[in-house]
Amino acid sequence: MVLEVIKAAEKVTGQKVPYRVGPRRPGDPAVLVASAGKAMAELGWRPRYTELEDIIATAWHCYRRRPRGYSQGIISSRMSRGR
């Protein structure tokens, strides 16, 4: 599953993601399970993106737009570029 995420990230970004395969680290769980089912059932929430590549693409877009995170606002970012 991790390799699937790495390959999807490489496809979306057009960049190689450096990684190495190794043994499980102490404390790593054997299996991880996640589901949005409870939020969907109890809150009526629906995810906007459900495909892995779409999820990575939206995160990549945000990162490229704010490479230093939200510590620098979008207005000051535009002003620093002379807009």
Residue by residue through the stretch 52-70, note down the ones that are surrounded by 10 or more Cβ atoms within 10 Å (Cβ to Cβ) and of a type outside the set (Lys, Arg).
52, 53, 54, 55, 56, 57, 58, 59, 60, 61, 62, 63
Could you give every pair whose Cβ atoms fall below 9 Å, whose first residue belongs to the stretch 9-31 and is touching a residue at least 24 places away in the same chain (Cβ under 8 Å), and whose second residue is in a loop (DSSP other than H, G, I, E, B) and among the polar types (S, T, N, Q), counting only separations of at least 6 or pairs across chains?
9/15
Quick check on the stretch 53-73. Is at least one of its residues among the β-branched types (Val, Ile, Thr), modelled with pLDDT of 90 or more and part of a loop (DSSP other than H, G, I, E, B)?
no
Does the stretch 12-27 contain any residue that is farther than 23 Å from residue 65 by Cβ, open to solvent by less than 100 Å² (accessible area, probe 1.4 Å), more than 17 Å from the chain's Cα centre (by Cα) and not hydroxyl-bearing (Ser, Thr, Tyr)?
yes
Of the residues in the stretch 24-47, those that are within 26 Å of residue 10 (Cβ to Cβ) and modelled with pLDDT of 95 or more come to none
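The values are calculated or read from the model by the stated rules, or taken from the named source; none is laboratory data. Everything numeric here is computed off the predicted structure, so don't read it as measured data. All Cβ positions, glycine included, derive from the backbone under ideal geometry; neighbour counts span all protein chains shown. Quick note on the areas: whole protein, heavy atoms, side chains included, nothing else; ligands and nucleic acids left out. Shrake-Rupley method; radii C 1.70, N 1.55, O 1.52, S 1.80 Å.
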